[in-house]
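Participant: The structure that follows is given in the form of C-alpha cells.
The values are calculated or read from the model by the stated rules, or taken from the named source; none is laboratory data. Just so you know, these numbers come straight off a predicted model, no measurement behind them. Virtual Cβ from ideal backbone geometry, glycine too; neighbours counted across all protein chains shown. Remember, those area values only see protein heavy atoms, side chains included, never the ligands or the DNA or RNA. Shrake-Rupley method; radii C 1.70, N 1.55, O 1.52, S 1.80 Å.
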Amino acid sequence: MSESPRGELVCNVNDIEVKQALRILIDDYPVAVVKDSDGGIHAIGDTCSHADISLAEGDVEGCKIECWGHGSQFDLRSGQPIQLPAYDPVPVFALEIHGDEVYVDVTNVTNGAPVPDLG
C-alpha cells in the first residue's frame with residue numbers, strides 16, 4: 001500500500017508550462033508553483049520578500065524567478081535572494097508529485113524560512 005501524499009492537491013503537472021508559475025492559495029496563503037527551465041517543479045511563497053508583489057507574475061529562467069516589481073531574483077530550490085533589492089529568502093515548501101498530481105505542504109518549509117501563519 002502506498003503512502004498518501006502530504007499537503008494539498010494544487011494542480012496537475014501539465015497545468016504549468018515550462019518557465020511559468022501558477023499562483024494558488026492554500027488556506028488563503030499565496031503559493032507560487034513554478035516549473036523551471038528543465039521542467040522541475042517547485043513551490044515557494046508567492047510574495048516577494050522586498051515588496052508585496054506576486055512572484056508568480058515574474059519571469060522564470062533556469063532555476064530562478066524574478067520579481068517584476070524591482071528585479072529581485074530568488075533561487076527556486078533555496079528561496080534565497082540572488083539579486084537585490086531583496087535580502088530575505090522566501091519560504092520553499094515540501095512538494096510531492098503523485099502520478100500527474102502536484103501536492104504542496106505549506107506546514108513543511110524546507111529552507112528554514114518562517115512557517116506561514118495560517119490563522
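Participant: Can you pull the one-decimal nm distance between simple spin-label points at GLN83 and GLN20, each 7 Å off the Cα toward Cβ?
Facilitator: Placing both labels 7 Å beyond Cα along the Cβ direction yields 2.1 nm.
Participant: If you add up the charges near ALA94, with Lys and Arg at +1 and Asp and Glu at -1, over every other residue whose beta carbon is less than 14 angstrom from its beta carbon, what do you get?
Facilitator: Details: positive: ARG6, ARG77; negative: GLU3, GLU8, GLU96, ASP105.
Around ALA94, the charge tally is -2.
Participant: On to the next question. Between LEU22, LEU76, LEU84, find the one with the highest GNM mean-square fluctuation for the chain; connect C-alpha pairs within less than 10 Å.
Facilitator: LEU84
Participant: Tell me the net charge near ASP105. Cut-off is 12 Å between Cβ atoms, ASP105 excluded, with +1 for each Lys or Arg and -1 for each Asp or Glu. Please list the in-between numbers first.
Facilitator: Values: positive: ARG6; negative: GLU8, ASP27, GLU96.
Counting the neighbours of ASP105, the net charge comes to -2.
Participant: Hey, any idea what % of the chain's accessible area is carbon plus sulfur with a 1.4 Å probe?
Facilitator: Percent of accessible area from carbon and sulfur atoms in the chain: 43.
Participant: In whole Å, how far is the Cα centre of the stretch 78-93 from that of the stretch 1-32?
Facilitator: Value for the Cα centre distance between the two parts: 20 Å.
Participant: I'd like the Kirkwood hydrodynamic radius of the chain, using the inverse of the mean 1/r over distinct C-alpha pairs, in Å.
Facilitator: On the way: mean 1/r = 0.0712 Å⁻¹.
Evaluated over the chain, this radius sits at 14.0 Å.
Participant: Give the relative contact order (percent, whole number) for the chain; include only Cα pairs under 8 Å separated by 6+ residues. Numbers along the way, then the final one.
Facilitator: Values: 285 pairs, mean separation 28.4, N = 119.
Relative contact order for the chain comes out at 24 percent.
Participant: Separate question: Using the heavy atoms of the protein chains and a 1.4 angstrom probe, tell me the accessible area per residue for the chain in square angstrom. Spell out each step's value before the answer.
Facilitator: Details: 6500 Å² over 119 residues.
Here the per-residue accessible area is 55 Å².
Participant: How compact is the stretch 2-62 by the rule of thumb for globular proteins, expressed as Cα Rg over 2.2 N^0.38 Å?
Facilitator: Values: Rg = 12.1 Å, N = 61, 2.2 N^0.38 = 10.5 Å.
The reported ratio for this selection is 1.16.
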